[in-house]
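Novice: I am attaching a structure below and will ask some questions about it afterwards.
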Amino acid sequence: MNGDDYKGFDPIGYASYKFTGTFDGLGHTISELMINRSTTDYVGLFGYTSAADIRNVGLEGGSVTGDDDVGGLVGINFHYSNISNSYATGSVTGDDYVGGLVGRNYDSSTVSNSYATGSVTGDDYVGGLVGYNDDYGTVSDSYATGSVTATGTVNNHVGGLVGFNFHYSTVSNSYATGSVHGTGDLVGGLVGYNYNSSNISNSYATGSVTGDDYVGGLVGYNYDTVSDSYATGSVTGNNNVGGLVGYNIVGSITNSFWDKETTEQTTSAGSSAAFGKTTEDMKKEATYENWDFTGIWWIDEGNTYPLLRSCQTPVTLTAVDSSKVYDGASYSSWSYTASSSSYNEGKVSGTADYGGLAKEAIDFGSYELTLGGLFSNQYYLITLVNGTLDITSKALTLSATAANKDYDGNTTATVAGYGLSGFIGTETVTASSTGALFDTKDAGDDKTVTIAGITLANGEYGGLASNYSVAGNTTATADITARPVSVMADSKTKEETEIDPLLTYQAEKQNDNRGLIIGESLIGALIRVIGETSGIYEIQQGTVVDAENLNYEISYTPADLMITEKNDGVPEALRIAILNAWNLAAGAGSRYGGSTRHSATGSVAGTGGSGISGLVGYNNSSISNSYAAESGHVNGEINLPEAVRLWLNSNPD
């Protein structure tokens, strides 16, 4: 079969048997629909509808060709029929009443939330979305982006969105961006002819417009109402040419504008020249006084013209939260994410511009990252969300040393110094801590010291403590050495056959780094030389030694136990006094002052204060390793304590 003879798909519904049901595409698409019926009227996926409802369907690609009433989706949408949430992207070609989505929308029928993007070609009543919107027809929240061409030689009635808007019909919240070319008259960027109580509101056109007569950036010929609308595409024609409207006979044009720079037109029919604005002013919200920028319009100030919320796809672009470890430099690896997986970056203008305090931040902290510079001229309703940059502190390597100490009965330690490494460049900081503790209080070598509450302070060469961190605790080792303590045995006496008295001593009291810690005692017991007959017996250190008292280094001074004959009648206290006096007189040396033990036997007697002798009567130097063994009497007087003399006087025997 010859390709020109292939008619393709046979439309659903025709004049004598209209489609009157409901078609819900459920969001599905039909690809590459092809209809080639150049001599047939009512051509489209649906040829003719009446009181029908078509929704949620898309036509991807393909081409549709017919004679009159030709549309990509519906040829003629008639008598309270509704089309919603639908689109077509293929090309459409016909004679009269030709539209990218619907050829003719007629008799209280509606097209809403729909669009067409393919090229459209016809002779008369040609529109990028709808060729002819008639008799209370409504087009709302819809758009067309394909080029539109009308080849009729006289009245083309051609528009980027709707060719002819007629008889109480409405176009609202809609736009067209494709170029519009008519070889004849009545050519508009949005609507070719707006006539007979029809209305255009909250709409705009941006495509170039070319025609012969009645040529306007928004409307070629206006007989009725245009409000809150604008045009920006270049406008070219021979007669009745205007930046917004080419010719206005009795229509009302209110609060509507054109870009006098981009349209290349300084005048517009039905409007004063004051409504022609510069491109800069057209991108300012303040230009559009009383427009609804909350529910209908939105504008990216300084970047875009006003755009329709209902025709844009909402998308949120969010600056990605970032973090880095302090390195002395600013961060630069910025990015953003889109809320929709179908986000197309190619439909967004501008370049992401990251700013805020995060842009130049170097030091530790949390900084706001602003996102700007992105805008969509038509497709997206963009919401920009800022992000955060967190700069965390750089971990330093910490070493510490602790000071050795003498045993002091507690675990308190002293930090001798800190070592820090890992700085950026020449920066430095200093360290300190809230305290340090040995693992135990006892003496020992290489004991573990825990250093707690380590903090940093600003240092030199720009070093900020906040840019660095260390672990809160660390450990070191140090020694606790045994504490020197002097132990002095107490002198004791007893009679023969009596039980030994408790051998006691006096330990050096705590003083600076010496002496027994208050509240502590030594372990062990003293011993004496063995013997039970009367005489002098040394009291020895016994087990009161370092080995039993690891925290102390003991220096021991001995004393004597004097055993007297039984029933000699000498009180205990006097025995001790006599023993001490004996030691002084006989040369034994003071337990606390003499340096070497001596021996002396025999009796000593005398009067006066002169020196007497047995071993030593008087000595101002030293005597060592000497004794007097010969019995005899030594004349002289012993300086006895008062208590001893009193007792001796009362007991001469």
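Throughout, read-outs are computed from the coordinates displayed, never taken from laboratory work. Keep in mind it's a predicted model, so treat the numbers as computed, not measured. Note: ideal-geometry Cβ built from the backbone for every residue, glycine included; neighbour counts use all protein chains shown.
Novice: In Å, what Rg and Dmax follow from the Cα atoms of the stretch 84-167?
Specialist: Cα only, the stretch 84-167: 11.1, 35 Å (Rg, Dmax).
Novice: With just the Cα atoms of the stretch 1-158, tell me how far they stretch along each of the three principal axes, in Å, largest first.
Specialist: 37, 35, 32
Novice: Separate question: 5 Å is the cut-off here: which amide hydrogens, built 1.01 Å from N in the peptide plane, fall below it relative to L45, excluding neighbours closer than 5 in sequence?
Specialist: L73, V74
Novice: Still on this structure: With N residues in the chain, what two-decimal value do you get for its Cα radius of gyration over 2.2 N^0.38 Å?
Specialist: 2.23
Novice: So, one more: About its Cα centre, what dipole magnitude does the stretch 482-568 give when the only charges are +1 on Lys and Arg Cβ and -1 on Asp and Glu Cβ, stated in debye to the nearest 20?
Specialist: That gives a dipole near 300 debye.
Novice: Computed FRET efficiency, Cβ-Cβ of T278 and T151, R0 35 Å: what is it to the nearest 0.05?
Specialist: Details: r = 35 Å, r/R0 = 1.01.
E(calc), rounded to 0.05, equals 0.50.
Novice: Check which residues have an amide H placed less than 5 Å from I253's amide H, if you skip close sequence neighbours.
Specialist: V226
Novice: Let me ask something additional. What is the order of M488, M562, fewest Cβ neighbours within 10 Å to most? Let's see the in-between values first.
Specialist: Working: M488 16, M562 22.
Lowest count first: M488, M562.
Novice: Suppose we keep just the DSSP beta bridges with both residues in the chain; what percent of those would be antiparallel, to 5? Intermediate values should be presented prior to the final figure.
Specialist: Details: 51 of 185 bridges.
The antiparallel proportion sits near 30 percent.
Novice: Suppose R0 equals 51 Å. What FRET efficiency, 1/(1 + (r/R0)^6) with r the Cβ-Cβ distance, do T225 and T392 give to the nearest 0.05?
Specialist: FRET efficiency, T225 to T392: 0.25.
Novice: Calculate, for A465 and D408, the FRET efficiency according to 1/(1 + (r/R0)^6) with r their C-beta to C-beta distance and R0 35 Å; round to the nearest 0.05. Show your work: numbers first, answer last.
Specialist: Numbers: r = 33 Å, r/R0 = 0.94.
It comes to 0.60.
Novice: Right, next: Measuring from label point to label point, each 7 Å out along Cα→Cβ, what is the D490 to L381 span in nm?
Specialist: With each label point 7 Å from Cα toward Cβ, the separation is 10.0 nm.
Novice: Going by Cα centres, the stretch 35-60 and the stretch 378-449 are how many Å apart?
Specialist: Here the two parts' Cα centres lie 77 Å apart.
Novice: Taking only the C-alpha atoms, wrap a convex hull around the stretch 482-568 and report its volume per residue in Å³ as a whole number.
Specialist: Given the Cα convex hull of the stretch 482-568, per-residue volume reads 87 Å³.
Novice: Follow-up question, since we're still on this one. Given G242, S323, F78, which one lies farthest toward the positive end of the charge dipole of the chain, if we put +1 on the Cβ of every Lys and Arg and -1 on the Cβ of every Asp and Glu?
Specialist: S323
Novice: Based on other C-beta atoms within 10 Å, arrange Y80, Y136, Y42, Y247 from fewest to most.
Specialist: Fewest to most other Cβ atoms nearby, the residues stand as Y80, Y136, Y247, Y42.
Novice: Could you list V74, V154 so that the one with the fewest beta carbons within 10 Å of its beta carbon is first and the one with the most is last?
Specialist: V154, V74
Novice: In sequence order, what are the phi-derived ³J(HN,Hα) couplings for the stretch 9-18 according to the Karplus relation 6.51 cos²θ - 1.76 cosθ + 1.60 with θ = phi - 60°, rounded to whole Hz, with x for glycine and proline?
Specialist: For the stretch 9-18, the Karplus curve yields 5, 8, x, 8, x, 8, 3, 8, 8, 6 Hz.
Novice: Also, I was wondering about something else. Mind running the shape call on the stretch 182-265? Use the C-alpha gyration tensor, a ≥ b ≥ c as the square roots of the eigenvalues: rounded below 1.5 for a/c, prolate if a/b tops b/c, oblate otherwise. Show your work: numbers first, answer last.
Specialist: Working: a/c = 1.83, a/b = 1.17, b/c = 1.56.
Oblate, because a/c is 1.5 or more while a/b does not exceed b/c.
Novice: Sticking with this structure for a sec: With +1 assigned to the C-beta of every Lys and Arg and -1 to the C-beta of every Asp and Glu, and no other charges, what is the dipole magnitude of the chain about the Cα centre in debye, to the nearest 20?
Specialist: Magnitude of the dipole: close to 1140 debye.
Novice: Helix 572-585 versus the longest principal axis of the chain: what angle, 0 to 90°, nearest 10, using Cα atoms?
Specialist: It is inclined by approximately 80 degrees.
Novice: Moving to a separate point now. Sum -39500 (n - 2.57) across every DSSP H segment of at least 4 residues in the chain, then divide by the residue count to get the 222 nm mean residue ellipticity, nearest 500. List each step's numbers first, then the result.
Specialist: Numbers: 3 runs with 27 residues, N = 653.
After summing the helix terms and dividing by the residues of the chain, the value is -1000 deg cm²/dmol.
Novice: If you don't mind, another one. Taking the Cα centre of the stretch 3-298 as origin, sum charge times position over the Cβ atoms of Lys and Arg (+1) and Asp and Glu (-1), and report the length of that vector in debye to the nearest 20.
Specialist: Values: 9 positive and 32 negative charges, 79 e Å.
My answer is approximately 380 debye.
Novice: Please list, in chain and number order, the residues 5+ apart from S433 or on another chain whose amide H is under 5 Å from its amide H, with Hs placed from the backbone.
Specialist: Those qualifying (amide H under 5 Å, at least 5 residues apart or on another chain) are T455.
Novice: Let me test this: with uniform point scatterers at the alpha carbons of the stretch 395-480, what is the Debye-based log₁₀ I(q)/I(0) at q = 0.21 1/Å?
Specialist: Each listed q maps to, in turn, -0.87.
Novice: Taking θ = phi - 60°, what integer Hz values does the Karplus form 6.51 cos²θ - 1.76 cosθ + 1.60 yield along the stretch 29-38, in sequence order, with x for Gly and Pro?
Specialist: 10, 10, 9, 6, 5, 10, 10, 10, 9, 5
Novice: Would you kindly derive the ³J(HN,Hα) couplings of the stretch 143-150 from the backbone phi angles with the Karplus curve 6.51 cos²θ - 1.76 cosθ + 1.60 (θ = phi - 60°), listing them in order in whole Hz, with x for Gly and Pro?
Specialist: Values, residue by residue: 7, 9, 10, x, 6, 10, 10, 10 Hz.
Novice: Gap in Å between the Cα centre of the stretch 73-108 and the Cα centre of the stretch 145-160?
Specialist: 16
Novice: Moving on. How much length is gained on full extension from A525 to Q506, taking 0.36 nm per residue of separation minus their Cα-Cα distance?
Specialist: 5.6 nm
Novice: Which distance in Å, rounded to a whole number, links the C-alpha centroids of the stretch 264-331 and the stretch 522-557?
Specialist: 100
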